[in-house]
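The values are calculated or read from the model by the stated rules, or taken from the named source; none is laboratory data. Keep in mind the model is a prediction, meaning the values are calculated, not measured. All Cβ positions, even for glycine, are placed from backbone atoms using ideal geometry, and neighbour counts span all protein chains on display. Remember, those area values only see protein heavy atoms, side chains included, never the ligands or the DNA or RNA. Shrake-Rupley method; radii C 1.70, N 1.55, O 1.52, S 1.80 Å.
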Amino acid sequence: MQDLDEKGESETRSLPGINNLSLSRRLLTWGVELRGTHPSRLRRGQDGEQFSKIFFIWLSANTNILSFSAGTLGPVAFGLGLRDACLTILFFNLLCAAPPAYFSTWGPKLGLRQMCASRYTFGYYGVMVPSLLALVGGIGFCILNSILGGQALASVGNISWTVGIVIIAVISLVVSFCGLKVLSWSALSTPTHERKMTLTPHFRRYERLAWIPVLLVFLVAVGVGGKNFVNTPAAAPATASQILTFGATIAGFTMTWAAFGADYTAYFHPGVSSLRVFLYSYLGLNIPIITLQCLGAAAAISAPSVPDWDAGYAGGNVGGLVDGMLHPVGGFGKFLMVLLSLSVTANNAPTIYSLCMGFQTLVPPLVVVPRYVFSVFATAVIIPLSIVGQHKFYSALSNFLGLIGYWAGAWVSALFVEHLYFRKGNFANYEIRHWNVPSKLPLGAAALGASALSFALVIPSMSQVWYTGPIGRRTGDIGFEFALVVTALLYIPLRHLEKHWRGV
């Protein structure tokens, strides 16, 4: 990808946080991306052959130990056998990867970050609610990743989980600090006048290459431990309740990427094929998530019958489980564990990158603050919370993934209906110059109202460790499904009323 348009370059240079700080000017010359939520429009007629970089961003972000650990929840937390766990993983991921892949197609067409694009549904002020929820979700994922990476790193040598967490968080900060130029192969987001110095080739190739060492780790683990995999039958046949509740957890894992979908494609050429972007994104999400979650389920089921695996897995230590799987290769296994521990940075880095945009849509005046400042702030939040929660990983993972899927379902549904029904699926019906003009945007009452009212059915349909509603007790957790359907049904009449009253 090449230069931003002249207006975009002018905006970037004129931001107070960029123009007035010598540090920002110096970082600009080093290739660090400073632009936050300002729209990014590319000149027409550019090379469009590197759209596969979005495939590698999604692939690397999900080829890690967190995807593996989410799969272990099927047998460990929900009592599913291998077949039922893998089928639930397959079908729920095929469904829930569609929204983030679809929203990735919005970036090239609008040149807006995902939460800024959401202003055309939730309004300038109303979008602060999903922005806050996305921030909480993103920070939650970074905490889980940091704990897992710290555990895996600690299993290699004589360091504590706390030290491992700090190391993982700092590496993630370095990558996210620099922006999309580091996250994808080339200077995806940096104008010509900003490319006086480039980052090292190793950093520029980060997300394109980050998945390879993790693939090596799991190939070796399966190669040396494959003979130990067993399909131990579940204690009882799977019930609809077990499958739907585990499915809600999978939805929380995968669908919440939708809140960041357009963030990584906002610099793509507007003329790129939406189908290609969707397919690259859809495959980049599903290939690693489905594969590693199924592997995690198989490893968790087999662990009790393999002493090394069972000992490593004590206390729900997922890093220890993989270390046990690699035990037959001796010292080389320790080297592979280091690679695996560092794999979570490929998930943390793009997440922290998107959190920077979330802070600016949550508090719009912060748009004048250079993007990298929020990377530092987010890391300062993630490290202490990860240290506090490091010994409660499994309960945190299960509860967190189950909870965040509800709001994501309502938010996705409102955006879909607004775009496909009210704007006829036509991006020309978005007036981009009004992206930060409250009076020219929807009020957001319809979207917030429909989302909030859907929880009248979502809450009774929950089935979590900390709460089970009367519907959820009978059916399993179907709160996520109700959030999708009820929000869509309510949004249509409420949005008609809002347009009639406000005119936008």
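Can you tell me the FRET efficiency between Leu90 and Lys392 if r is taken as the Cβ-Cβ distance and R0 is 25 Å, rounded to the nearest 0.05? Efficiency at R0 = 25 Å is approximately 0.30. Once you reduce the stretch 406-451 and the stretch 104-159 to the center of their Cα atoms, the two points are 20 Å from each other. Here the stretch 335-428 exposes an accessible surface that is 78 percent carbon and sulfur, computed with a 1.4 Å probe and the other protein chains kept in place. A probe of 1.4 angstrom, applied to the heavy atoms of all protein chains, finds Tyr421 with accessible area near 100 square angstrom. Among the listed pairs Lys53/Lys424; Lys227/Lys334; Lys424/Lys499; Lys53/Lys109, a Cα-Cα separation exceeding 19 Å is found for Lys53/Lys424; Lys227/Lys334.
Full extension of the chain segment joining Trp466 with Leu209 gains 88.5 nm, where the gain is 0.36 nm per residue of separation less the Cα-Cα distance.
If R0 is taken as 41 Å, the Cβ-Cβ distance between Asn228 and Arg276 corresponds to a FRET efficiency of 0.50.
In this rough spin-label picture, where each label sits 7 Å from Cα along the Cβ direction, the Phe427-Arg502 distance is 2.4 nm. A simple rule links phi to the HN-Hα coupling: the Karplus curve 6.51 cos²θ - 1.76 cosθ + 1.60 with θ = phi - 60°, which for the stretch 363-370 gives 10, x, x, 6, 4, 7, 8, x Hz, with x for Gly and Pro.
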